[in-house]
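Each reported figure results from applying straightforward, stated rules to the coordinates on display, with no laboratory input. Given the structure is predicted, the values throughout are model-derived calculations rather than measurements. All Cβ positions, glycine included, derive from the backbone under ideal geometry; neighbour counts span all protein chains shown.
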Amino acid sequence: MINSNRPLIYDLLENPLSGQQIEDRSFAAIDAEASAHSYSSDEWQVVRRLIHTTADFTISDLVHFSPQAIESAITALRGGKAIYADSNMIRSGLSVARLQKQYQDYERESILCHVADEDVVIEAQKSGLPRSLFAIRKAGKKLDGAIVLIGNAPVALLELNRMAIEENIRPALVIGMPVGFVHVLESKEELMRSELPFIVLEGRRGGSPLAVATLHALCTIAAGQNTD
């Protein structure tokens, strides 16, 4: 029986665990509890990170990788290619320290996000369309060879799909994880039919934390390859 008069934090203070030890134990628990899967070892590192972010094992059946997606992303990271985020939440959540382990000149400013730019806001207000459309359109050719994270705005993903078809925009990787109920399913399905490298979470689920977790997992994979 729990002693309700004794705060549970004292159990941790008496048996200390660092943040890294807690993360290691969490990943061990995921590996032990997860069902059999057909992911490669690198793909599983991404999926496992997504499970860790959500504590939701059903995600393991819904993550799709295009051929060479991970390799393409790692090449882009090591080359210091641009990173595009569809929200400032993603831009703020990405660890520059992790990025710098792959390319030392990465800075917060290396992560493009135009959704709050004044010209984008004005254009969206005039048109009655979402800012995310004009934000990714503003990035334009900067998306060639870049890593694109879509964790919020399916309209941004729809526009990127159009840009790939009509303008030959070719990101190194598209992390397609918009969340919601409108345009979400079709934007992901269209991406998976395209020739772009992608990592997609099937269905309505997604969000900034999952997009960030995916790129962090790719950084971990790249760091592991550096030590081989």
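With +1 on each Lys and Arg Cβ and -1 on each Asp and Glu Cβ, how big is the dipole of the chain about its Cα centre, in debye rounded to the nearest 20? Kindly include the intermediate steps, with their values, before the conclusion.
Working: 22 positive and 29 negative charges, 76 e Å.
The calculated dipole for the chain is roughly 360 debye.
Quick one: Karplus J couplings for region 211-223, per residue in order, coefficients 6.51, -1.76, 1.60, θ = phi - 60°, nearest Hz, x for Gly and Pro?
So the Karplus estimates, Gly and Pro as x, are 5, 4, 4, 4, 5, 4, 5, 5, 5, 5, 4, 4, 5 Hz.
Rounded if a/c is under 1.5, else prolate if a/b is larger than b/c, else oblate: which is region 13-110, with a ≥ b ≥ c the root eigenvalues of its Cα gyration tensor?
Working: a/c = 2.02, a/b = 1.27, b/c = 1.60.
Here region 13-110 falls in the oblate category.
Would you mind classifying region 12-62 by shape? Square roots of the alpha carbon gyration tensor eigenvalues, ordered a ≥ b ≥ c; an a/c under 1.5 is rounded, otherwise it is prolate if a/b is larger than b/c and oblate if not. All intermediate terms of the calculation are to be shown ahead of the outcome.
Details: a/c = 2.65, a/b = 2.36, b/c = 1.12.
Here region 12-62 falls in the prolate category.
HN-Hα J couplings of region 137-152 from phi, Karplus 6.51/-1.76/1.60, θ = phi - 60°, integer Hz, Gly and Pro as x?
Taking θ as phi minus 60°, the curve returns 5, 5, 4, x, 5, 5, 7, 4, x, 8, 9, 10, 10, 10, x, 9 Hz for region 137-152.
Sequence-distant or interchain residues sharing an amide H contact under 5 Å with Tyr84, placed H: which?
Under 5 Å from the amide H of Tyr84 lie the amide H atoms of Leu112, Ile147, Val148, Leu149, each far enough along the sequence or on another chain.
Hey, what do the phi angles of region 154-171 turn into as Karplus ³J(HN,Hα) couplings, whole Hz, using 6.51/-1.76/1.60 and θ = phi - 60°, x for Gly and Pro?
After applying 6.51 cos²θ - 1.76 cosθ + 1.60, I find x, 5, 4, 5, 4, 5, 4, 4, 5, 4, 5, 6, 9, 10, 6, 6, 10, x Hz.
Just from its helices, what would the mean residue ellipticity at 222 nm be for the chain, if runs of 4 or more DSSP H residues each count -39500 (n - 2.57) and the sum is divided by every residue, rounded to the nearest 500 deg cm²/dmol? Display every interim value, and only then the final one.
Working: 11 runs with 118 residues, N = 228.
Here the helix-only value at 222 nm equals -15500 deg cm²/dmol.
Among DSSP bridges having both ends in region 40-226, what percentage is antiparallel? Round to the nearest 5.
Values: 3 of 15 bridges.
Looking only at bridges with both residues in region 40-226, the antiparallel portion is about 20 percent.
Can you give me the angle between helix 184-193 and the longest principal axis of the chain, using Cα atoms only, in degrees from 0 to 90, rounded to the nearest 10?
Helix 184-193 and the main axis of the chain meet at about 80 degrees.
With each pseudo-label sitting 7 Å past Cα toward Cβ, what's the Arg108-Ser92 distance in nm, one decimal?
1.0
For Gln125 and Arg170 in the same chain, what is the full-extension length gain: residue separation times 0.36 nm, less their Cα-Cα distance, in nm? Write down the numbers at each step before the final one.
Working: separation 45, 0.36 × 45 = 16.20 nm, distance 2.86 nm.
Extra length from Gln125 to Arg170 when fully extended: 13.3 nm.
Considering the options Ile90, Phe181, Ala222, tell which one lies farthest towards the positive end of the dipole of the chain, charges being +1 on Lys and Arg and -1 on Asp and Glu at the Cβ, about the Cα centre.
Ile90
Would you check the chain for Lys pairs whose C-alpha atoms are within less than 26 Å, ignoring same-chain pairs closer than 8 in sequence, and give me the count?
Value for the chain: 13.
Which FRET efficiency, nearest 0.05, do Arg78 and Tyr39 yield, Cβ-Cβ r, R0 25 Å?
On the way: r = 23 Å, r/R0 = 0.91.
Computed FRET efficiency for Arg78 and Tyr39 comes out at 0.65.
Would you mind checking the tilt of helix 41-54 against the longest principal axis of the Cα atoms of the chain, expressed as 0 to 90 degrees and rounded to 10?
Once rounded, one gets 80 degrees.
Looking at the chain from every direction and averaging, what is the projected area of its Cα convex hull in nm²? Before the final figure, lay out the partial values.
Working: hull surface 63.5 nm².
Over all viewing directions, the chain projects a mean Cα-hull area of 15.9 nm².
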